[in-house]
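Working notes for the structure below.
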Amino acid sequence: MKFRSALIGFSTFMVVAMVLTVLVYGTLRRDPGGPTDSYSALFTDVTGLGGGDDVRVAGVRVGRVDAVTLVGDVAQVTFQIDSEQSIYPDTVASVMYQNIVGQRYLGLSRDRSSAPAQPLPAGSQIPLERTEPSFDVGALLNGFEPLFTLLDPTQVDRLTNAMIDAFQGDSVDVAQFVAQTAELTATFAGPDEILGDVIDNLDTIVGDLAAQDANLAGVITTAHAMVSELNNRREHLIASAGSLNRTAARIAAIGDAVYPQMSELLHREPGFVQHLAGMPDQLAFLGSNTPLVLKGLARVSGDGAYGNAYGCSVNLMGFFPGLTELVPKIVELASPGNVVKNSQKCRPTP
């Protein structure tokens, strides 16, 4: 019983699915209702037209395109239309734009000024001289791209639709297209004046630069040589930047280490300057004897005939009370590993 119910349900589902599939296929295929006759037409360009597209007469769908094939150096479009419609010797076939998306359709029209004629039999072909090829509106619109970037999207849509309708021969839309183009021209008239003033100002600036062309060429040449030299020394500059970074870090560490002593020295009572002002005799003695000391150091430290001395450690801060330990501390912190390394002559003997 369960098997029978499942079989009935499955059969019902398959029937419904097949009916829906046929409906969808028929909708997508869009076959004309009723009997049809097949014709063909030759075109030099049918860009965008393909099988399944509409065939219209006066804007009304009367058939569909079956296939587009290449015959020699021209395109042959095979289509079918309702049997109630006829193709005449003066019928013109055109590839028309259906919408802004780019869909095309095959339009059929007659030259009403020609004399009445008998319709062509089914299977006839419209020759190349009575067909109008596809127009590449995309290339035309790409030419307006700089203009469209400044427009509102609604204005772009109106202008584009009017342009397409204008190329399809709608006289009302031609007038609308011309009016909108005039409105855009008036809109850009103001910015055009501003642009003219900017160009005039730039002309003055360029004229001044032209008068200094020799100097400007020299500056450019020198700048090029400098940049080239810097580029050649790129590795050394990168290494120097690393050394500068390490040196700055060490100086910062030294500053942090000596800051407490310096702060204590400068802020202690009665103050650093006041302390110096209280010892005029010592300052006078220092000032009068400093030149003599320097002359003696220059003579002794020189490699001359009277004597030769090797200075291991000089601390001039000994003349200032409280600063005697400052210089050795700075030297110690500035040394690698905070260890002072003396030369062979200055090392203590064991």
The one condition ALA117 fails out of (1) over 16 Å from ASP37 (Cα atoms); (2) under 42 Å from the mean Cα position of the chain (by Cα); (3) of a type in the set (A, V, I, L, M) is (2)
By residue number, the members of region 39-88 that are loosely packed, with under 12 Cβ neighbours inside 10 Å and either closer than 12 Å to LEU108 by Cα or among the small types (Gly, Ala, Ser) (or both) are ALA58, GLY59, VAL60, GLY72
Condition set touching a residue at least 60 places away in the same chain (Cβ under 8 Å) and of a type in the set (Gly, Ala, Ser), scope region 245-266, selection farthest from PRO328 (Cα to Cα): answer is ALA253
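Can you give me the ranges of the strands (runs of 3 or more DSSP E) entirely in region 8-110 with at least 2 residues that are of a type in the set (Lys, Arg) and at negative phi? Quick ask: steps written out before the conclusion?
Values: elements: 36-43, 54-57, 60-71, 74-82, 91-97, 104-110.
In region 8-110, the matching strands (runs of 3 or more DSSP E) lie at 60-71, 104-110.
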So, first residue within 11 Å of ILE87 (Cβ to Cβ) and modelled with pLDDT of 85 or more in region 102-123, second residue of a type in the set (A, V, I, L, M, F, W, C) and part of a loop (DSSP other than H, G, I, E, B), Cβ within less than 6 Å, six or more apart or across chains; the pairs are LEU120/ILE87
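The values are calculated or read from the model by the stated rules, or taken from the named source; none is laboratory data. Given the structure is predicted, the values throughout are model-derived calculations rather than measurements. Here the Cβ is made from the backbone with ideal geometry for all residues, glycine too, and neighbour counts use every protein chain on show.
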